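J.: What follows is a single structure, and I will ask about it in a moment.
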DNA sequence: TTCGATGTTCGTGAAACATCGAACAAGCTA
DNA sequence: TAGCTTGTTCGATGTTTCACGAACATCGAA
């Protein structure tokens, strides 16, 4: 989890949107995520986030679950997440990313 | 000065080094800056920082002076600069960038 | 005006990135 | 076993980024 890696990961609106979505700390199923890109592209973005250390991915059977590593993030870069989240909200960055109508499939 | 722009600008070690150097708020002449790249490349990085809104450049005769836009940065992204600076120090990011032996030519 | 110093811009090339569709692998389920 | 769902991986493609040297522009000094 390096500084430049994290910065690079956050330099794309889709990834910022994913971070915003996960910012509440809840784990999300892959199927819930909605972004205006092909699924292979979404897979790519999630991999970038994971490689940068921003998220953690858990596989369960054929499904994947993503979670923001808030604690680690806060320990390594105190204040960063908050700064990013408020700026993203102000500028409306990443709002193209959302959740499926069907809430958590339980 | 957009979130993703700033993040992208900070995703390169040389640029982080420049920001660290300018973090004390003092204006620096280009001639003082030392980085392990060609001058055209340094010019490029300084342009990226300027375009992202992180710095301000002033031209005086044949010389250029750079300055970090700390106030604007703090207003737009409170806490971000601090987070970046401490992380950069911890990881020793951008330490390749330094000042010339000759201090401010004046 | 000629020279030297200082940056910018240009042309180029290598690498990285974003994106897509198609092919693939792995589990469930019928 | 066959089929469906889910997500990853694999080219392919076009764009952006980083880097360099060379050429250019500008200014002050000789």
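Any read-out appearing in this document is the output of simple, stated calculations on the displayed coordinates, not a laboratory observation. All figures in this text were calculated on a predicted structure; none of them were measured in a lab. Ideal geometry is used to build each Cβ from the backbone, glycine not excepted, and the neighbour counts take in all protein chains shown.
J.: Against the longest principal axis of chain B, how steep is helix B:13-22, in degrees 0 to 90 to the nearest 10, with axes from Cα atoms?
T.: Compared with the principal axis, the helix lies near 80 degrees.
J.: Take the alpha-carbon centre of region A:1-71, take the same for region B:18-60, and report the distance between them in whole Å.
T.: First find each Cα centre; the distance between them is then 33 Å.
J.: So, one more: Report Rg/Rh for region B:59-101, rounded to two decimals, where Rg is the Cα radius of gyration and Rh the Kirkwood radius.
T.: Working: Rg = 13.9 Å, Rh = 12.7 Å.
On the Cα set of region B:59-101, Rg over Rh gives 1.09.
J.: Now a separate question. Counting residues in the protein assembly as shown as N, plug N into 2.2 N^0.38 Å and put the Cα Rg over that result. Present the calculation step by step, with values, prior to reporting the outcome.
T.: On the way: Rg = 19.2 Å, N = 212, 2.2 N^0.38 = 16.8 Å.
Rounded to two decimals, the normalised Rg is 1.14.
J.: Next up: Calculate how steeply helix B:39-51 sits against the longest principal axis of the alpha-carbon atoms of chain B, using the helix alpha-carbon long axis, and give the answer as 0 to 90 degrees to the nearest 10.
T.: 40 degrees
J.: Once the Cα gyration tensor of chain A is found, what semi-axes does its equivalent ellipsoid get, as square roots of 5 times the eigenvalues, in whole Å, sorted largest first?
T.: Details: eigenvalues 85, 49, 35 Å².
Value: 21, 16, 13 Å, ordered largest first.
J.: Got the residue A:86 label distances to the other copies yet, label 7 Å along Cα→Cβ, in nm, shortest first?
T.: Ordered by distance, the counterparts are at 1.6 nm.
J.: When chain A is turned about an axis onto chain B, which of its residues keeps its C-beta closest to that axis, and how many Å is it?
T.: With distances in whole Å, chain A gives A:79, 2.
J.: Let me ask something additional. How shielded is B:73-84 by partner chains, expressed as the average number of their Cβ atoms within 10 Å of its Cβ atoms?
T.: On the way: counts 0, 0, 0, 5, 8, 5, 9, 8, 2, 5, 11, 7.
Taking all residues of B:73-84 together, the mean is 5.
J.: Using only Cα atoms, tell me the angle between helix B:80-91 and the longest principal axis of chain B; keep it within 0 to 90° and round to the nearest 10.
T.: The angle comes out near 70 degrees.
J.: Output the Cα-based Rg and Dmax of region A:31-83 in Å, rounding Rg to one decimal and Dmax to a whole number.
T.: In order Rg, Dmax, the Cα atoms of region A:31-83 give 12.6, 36 Å.
J.: Sticking with this structure for a sec: Once the label point is set 7 Å along the Cα-to-beta-carbon vector, what list of distances in nm do you get between residue A:72 and its counterparts in the other copies?
T.: 3.5
J.: Further question: What does a probe at residue A:96 reach in region B:1-32, counting residues whose amide N is under 14 Å from the point 7 Å along Cα→Cβ?
T.: Under cut-off, by backbone N: B:4.
J.: In what sequence, highest mean first, do A:56-63, A:92-99 appear when ranked by Cβ atoms within 10 angstrom?
T.: Output ranking for A:56-63, A:92-99: A:92-99, A:56-63.
J.: Between the label point of residue A:41 and that of the same position in each other copy, find the distances and list them shortest first in nm, with every label point placed 7 Å from Cα along the Cα-to-C-beta direction.
T.: 3.2
J.: Given R₀ = 35 Å, what would the calculated FRET efficiency be for residue B:75 paired with residue A:64, taking r from the Cβ atoms and rounding to 0.05?
T.: Numbers: r = 39 Å, r/R0 = 1.11.
Efficiency, from the Cβ-Cβ distance: 0.35.
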